[in-house]
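Worksheet for the structure shown next.
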Amino acid sequence: MTGYTEKIREIAARLLTEGKVDRVIGFRKGTVPMMNQPHYVTSPAMAGELIWDSHCGLNLANYVTDRKERIGIVAKGCDSRNLVTHIIENKIKRDQLVIIGVPCTGMVDRSKVCALVEGEITSVEESDDAITVSGNGFSKTIAKTDVLRENCAVCTHRNPVIHDEMVGEPVAEQTGVDAYASVKKVEALSPEEKWNYFEDLISTCIRCYACRNACPLCYCPTCFVDESRPQWVGKSQDPIDVRTFHLLRAYHCAGRCTDCGACETACPMGIKVREFTKKLNKDCFELYGWEAGLTLDKRPPLDVYKTDDPDDFIR
Amino acid sequence: MKNLLEHTGIAPGRLHFSWISSAESTKFVDVVKKITEEVKALEPALNYAKTEPKVN
Ligand code: SF4
Ligand code: SF4
């Protein structure tokens, strides 16, 4: 993965010089270690600001909806699947995009890294499969596989599904991982235990909506949580309101979520927001054989009707 | 819809779906009767009901 940065800069500069795109969306170094920021580059001279490492966990597909200009966009596996979803949902046209594909080896969960050291991390170095974090009086090297985000640890689509440029050779896809292991664990519980599991999961939610804002699927001009006429959901910290928010948000992602993990990466409270969407992903996979964003040629299961759609739940 | 709600701890048997035409009055009555019976047979569900607003 080392070397991606140079390649991204080179491609961005070339696309902008040739006038193929009006801007390139990528990442630049964040002000805090391990938190890279989405960044717009509009001239070849700015291409040097772009970077790539294991802290590009946010999903750049979030920034292309309803744009009118031509955009170059850096996309790892999951971002590319969300671009496919955007194209299918008419949020952007395929010919407006030049997709700079990044074969991905997973992104790092910042909170896992922080938990392994004492003291504040002030700098991070990275090699192919390890990161070295250091701060005042300490320095520690950690294997990347030990601190991957949970969604990356079970990701089986690391290579971009559509791309116009590639910054490196495709990486080997993971096999033998069970993407739905955590869902199965909850499925085995009794209704009461399930209730308590989710009660506990969201008990610290402060309803900052960072998870929603980071989500490429959440592009409604006015989100249901912000609407006041009618008010779909209570705006308080009452556990019932918090649960309603999470349930409804998850339903809005049904059949569309690519499990990119941007929601969890953005959450300041470390809440496993994916526990909701993953259940729907699992259902979509089991009922319709569907994983979102893999191809431009198929309509998502929830926007087509087929006579053999499962309907056991209707009496 | 049903699956995620039940996954998060709404007891099975509380949520029902049916498809009834406006001409099928007898089916409507039937379904409502059955659902009422089935739901009444369960304990009242108090967890997903707001009582006092929580303020803190
Ligand atoms: S979900 Fe897959 S493609 Fe996306 S960052 Fe993780 S490993 Fe990479
Ligand atoms: S980002 Fe976290 S704390 Fe904020 S609303 Fe989402 S789950 Fe709640």
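Neighbour counting of Cβ atoms within 10 Å sorts the residues A:Arg28, A:Arg256, fewest neighbours leading, into A:Arg28, A:Arg256. Only Lys, Arg, Asp and Glu carry charge here, each on its Cβ (+1 for the first two, -1 for the last two); on that basis chain A has a dipole of about 720 debye about its Cα centre. Mean per-residue shielding of peptide A:271-277 is 1, counting Cβ atoms of other chains within 10 Å of each Cβ. Note on region A:61-183: antiparallel DSSP beta bridges, both residues inside, total approximately 65 percent of the bridges counted.
In square nanometres, what is one fourth of the surface area of the convex hull spanned by the alpha carbons of region A:1-145?
Reported value for the Cα convex hull: 8.8 nm².
DSSP finds beta bridges in chain A, and of those with both partners inside it, around 65 percent are antiparallel.
By average Cβ neighbour count within 10 Å, what is the ranking of A:76-87, A:132-143 from highest down?
A:76-87, A:132-143
Counting only other chain Cβ atoms within 10 Å of each residue's Cβ, the peptide A:125-137 averages 0.
Placing +1 at every Lys and Arg Cβ and -1 at every Asp and Glu Cβ, with all other atoms neutral, what dipole size does region A:81-169 have around its Cα centre, in debye to the nearest 20?
It comes to approximately 360 debye.
Quick one: which of A:Lys91/A:Lys185; A:Lys68/A:Lys298; A:Lys68/A:Lys278; A:Lys184/B:Lys34 span more than 28 angstrom between C-alpha atoms? From A:Lys91/A:Lys185; A:Lys68/A:Lys298; A:Lys68/A:Lys278; A:Lys184/B:Lys34, over 28 Å: A:Lys91/A:Lys185; A:Lys68/A:Lys278; A:Lys184/B:Lys34.
Counting only C-alpha contacts under 8 Å and six or more residues apart, can you give the relative contact order of region A:52-201 as a whole percent?
RCO, region A:52-201: 24 percent.
A straight Cα-to-Cα reach below 25 Å connects B:Lys50 with the lysines A:Lys194, A:Lys235, A:Lys272, B:Lys2, B:Lys40, residues fewer than 8 places away in its own chain not being considered. From most to least packed by mean Cβ count within 10 Å, the peptides B:36-45, A:145-154, A:33-42 give A:145-154, A:33-42, B:36-45.
Go from 0 up to the bin containing the longest alpha carbon distance in region A:173-299, width 5 Å each, and give me the % of pairs per bin. Going from the shortest bin to the longest, the percentages are 2, 9, 18, 23, 21, 15, 8, 4, 1, 0.
Taking amide H atoms as placed 1.01 Å from N in the peptide plane, the amide H of A:Gly72 lies under 5 Å from those of A:Asp22, A:Arg23, A:Val24, A:Ile25, A:Val98, each 5 or more residues away in sequence or on another chain. Relative intensity of region A:16-70 on a log10 scale, I(q)/I(0) at q = 0.12, 0.19, 0.25 Å⁻¹, equals -0.29, -0.69, -1.03, per a Debye sum over C-alpha point scatterers of equal strength in the absence of solvent.
With the gyration tensor restricted to C-alpha atoms of the protein assembly as shown, the semi-axes of the equivalent ellipsoid amount to 40, 25, 19 Å, longest first.
Peptide A:106-116 is shielded by partner chain Cβ atoms: per residue, an average of 0 of them sit within 10 Å of its Cβ.
Highest mean first, what order results for A:257-263, A:20-26, B:9-15, A:186-192 on Cβ atoms within 10 Å?
A:257-263, A:20-26, B:9-15, A:186-192
Throughout, read-outs are computed from the coordinates displayed, never taken from laboratory work. Everything quoted here is computed from the prediction, not taken from an experiment. All Cβ positions, even for glycine, are placed from backbone atoms using ideal geometry, and neighbour counts span all protein chains on display.
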